């Protein structure tokens, strides 16, 4: 498991790319990925193109990011999910809270 | 590294050698290093000195009269037990076999003669370090043992408390099959079932994020609310809203409960299902057809009360239909190769329901066959509910024992709700609560609730909303009925329902008179020829139930007022359907 972050040129979009299993072992690294960003970030992109699996504690971590990014006003997109990941997000109806593409 | 047990000051060193000169030389050297020394002239004396002196380190000559060094080492090691007392042999032997025998007899090292002060100091220090490390490890091991034992004791007590709060309710009912791991208290799965006062039941199956104590703690308020509100007569929407609000408030962000809530009505034979985050559930019809009960809500504890949606899906059922829900433990059950059971195998198992006797047995057999001897997963929770005729369900009633308190005997009360409150507030729990203040009525809560609820439903759905009850007799009409109910409720203006309750006691019991009046147009009850017509015209099966439970039932006014007289005595109540 590895997490990579990338800022857009204007500094307003933070892309967090998660490789491998996204589960409780990722907890601290995932938090570090967005908590050290500065206030300019208004849009978060979670890139799951290389995420193989997602468990319920990962869903919890997404909720923590959502809270951090302003709760109901947070702008977070989840992109490039494979079928398994997509299924887990759909069962929990997370499309009501995140833009899943 | 931290040294939890500091060892300061000189060591006690036992030296045993039958050669006076060798012994005196070594004694002098060790003393000069700052240690306390006790000397012995042979192995036997060395063992005696060990008992009295409890040295930290023992230096033994190999060949001694009475008892040689190897035997003495053996005895000293036995006396020392778990404590590490390094034994170093003093020897001029150079034969490898003899040296090896020294170590095999329990010695830790040897010191060659003639003595070298630097080597002696280095060896004593090295063995002291080893001795201290051994002592630290033993101490920590004992501490871990003690803590672990304490933790297990605490968990044992916690589990008793948990089991009292989060008991399994009516999961033992004849139409429920379930599997919940015995260790489920610390895996975060919950499975509760509770009879409703009017008959029927609520079932909650859920899965908290995370494991261990935090998940178990989250389950306690869920159980309290679920059992408390259900037995007071609240419907599934109210119970769900309350649980969600509570979890949202007490759980940290990121922790929530994926759950399905089932309200089963065996009288109308229908199901209301809410699924927030659990894998697909299935409604398996008598002919084997399946309907999929997909999660269409966020899990409990995620959304604020304002955004939470408690909307349920209605399913009209027939006796013999089976509902099945499981937590993701079933889909994720692994075999020895680390493969997961998965959706396809689950559907295959459901296809073989007939040969296994039930969908539940088929799924359990499927999972067992797949995981083989590997079935140790502790988060595997599954429940199946068979729809039955109301009469077939016995032994469910939730009777409270007679109370010693006298409670109110003569009382009257009038309560009305109007306008939009009719659409979003259920007055039945409150009215039931008032009636339950009478100890004699408490044991008949099911009957009283049924009276109140039939009167209220009739007044609202037929009296005010004007919904025709015969819609409910076909599956399409059933859905239409509830859709239309929602639609008409949303635009309700200028209407009210009033309940008036009168209670008096007599020597052997008492009577409760309930008048329910609605603001609807009523109907011409005087023209009706007999009770059969009234039943057909007014309220479907509900009216029959009212007549069965009460002494008398009268329509008044324009037909928008119903009066029911209910009598009770101290005998055993009729068994609830």
Which numbered condition in (1) crowded, with 21+ Cβ neighbours inside 10 Å; (2) within 12 Å of chain A (Cβ to nearest Cβ); (3) more than 21 Å from residue B:346 (Cβ to Cβ); (4) in contact (Cβ under 8 Å) with a residue 24 or more places away in the chain is the only one that residue B:279 fails? (3)
Scope segment B:94-147; condition closer than 19 Å to residue B:74 by Cβ and assigned to a loop (DSSP other than H, G, I, E, B); matching residues: B:105, B:106, B:107, B:108
If we ask which residues in segment B:287-309 are in contact (Cβ under 8 Å) with a residue 60 or more places away in the chain and more than 14 Å from every other protein chain (Cβ to nearest Cβ), their number turns out to be 2
Please work out if residue B:354 is touching a residue at least 24 places away in the same chain (Cβ under 8 Å) and surrounded by fewer than 20 Cβ atoms within 10 Å (Cβ to Cβ). yes
Screening B:360, B:325 for residues that are assigned to a helix (DSSP H, G or I), in contact (Cβ under 8 Å) with a residue 60 or more places away in the chain and within 22 Å of the chain's Cα centre (by Cα) leaves only B:360
Of the residues that sit in segment B:229-245 and are in contact with a strand residue (DSSP E or B) (Cβ under 9 Å, 6 or more places away or on another chain) and without any contact (Cβ under 8 Å) to a residue 40 or more places away in the chain, which one is nearest to the other protein chains (Cβ to nearest Cβ)? B:239
Would you please name the residue that is surrounded by the most Cβ atoms within 10 Å (Cβ to Cβ), looking only at residues in segment A:50-101 that are more than 11 Å from chain B (Cβ to nearest Cβ) and closer than 19 Å to residue B:210 by Cα? A:54
Please go through segment B:479-508 and pick out each residue that is part of a loop (DSSP other than H, G, I, E, B) and free of Cβ contacts under 8 Å to residues at least 40 places away in the same chain. B:491, B:506, B:507
Looking at segment B:268-275, can you tell me whether even one residue there is over 26 Å from residue B:474 (Cα atoms) and part of a loop (DSSP other than H, G, I, E, B)? no
Just the residues that are surrounded by fewer than 24 Cβ atoms within 10 Å (Cβ to Cβ) and within 14 Å of chain A (Cβ to nearest Cβ), please, taken from segment B:202-214. B:210, B:211, B:212, B:214
For residue B:252, indicate whether it is assigned to a loop (DSSP other than H, G, I, E, B), out of contact with any helix residue (DSSP H, G or I) (no Cβ under 8 Å at 6 or more places or on another chain) and either within 14 Å of chain A (Cβ to nearest Cβ) or over 23 Å from residue B:380 (Cα atoms) (or both). yes
Give me a count of the residues in segment B:148-180 that are outside any helix (DSSP H, G or I), out of contact with any strand residue (DSSP E or B) (no Cβ under 6 Å at 6 or more places or on another chain) and over 18 Å from residue B:218 (Cα atoms). 3
Of the conditions (1) surrounded by 22 or more Cβ atoms within 10 Å (Cβ to Cβ); (2) touching a strand residue (DSSP E or B) at 6+ places or on another chain (Cβ under 9 Å); (3) over 30 Å from residue B:221 (Cβ atoms), residue B:316 satisfies every one except a single condition; which number is it? (1)
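Here's the yes/no breakdown for (1) modelled with pLDDT of 90 or more; (2) surrounded by fewer than 16 Cβ atoms within 10 Å (Cβ to Cβ); (3) assigned by TED's automatic domain parsing to the domain that holds residue B:551:
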position	(1), (2), (3)
B:399	no, yes, no
B:427	yes, no, yes
B:446	no, no, yes
B:461	no, no, yes
B:481	no, no, yes
B:490	no, yes, yes
Among the candidates B:158, B:173, B:193, B:219, residue that is under 10 Å from the mean Cα position of the chain (by Cα) and surrounded by 15 or more Cβ atoms within 10 Å (Cβ to Cβ): B:219
Which condition from (1) touching a helix residue (DSSP H, G or I) at 6+ places or on another chain (Cβ under 9 Å); (2) more than 14 Å from chain A (Cβ to nearest Cβ); (3) at negative phi is the one that residue B:269 breaks? (3)
Tally up the residues in segment A:34-49 that are within 24 Å of residue A:84 (Cα to Cα) and either within 13 Å of another protein chain (Cβ to nearest Cβ) or surrounded by 15 or more Cβ atoms within 10 Å (Cβ to Cβ) (or both), please. 5
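The values are calculated or read from the model by the stated rules, or taken from the named source; none is laboratory data. Here the structure is a predicted model, which means the values were calculated and not measured. Ideal geometry is used to build each Cβ from the backbone, glycine not excepted, and the neighbour counts take in all protein chains shown.
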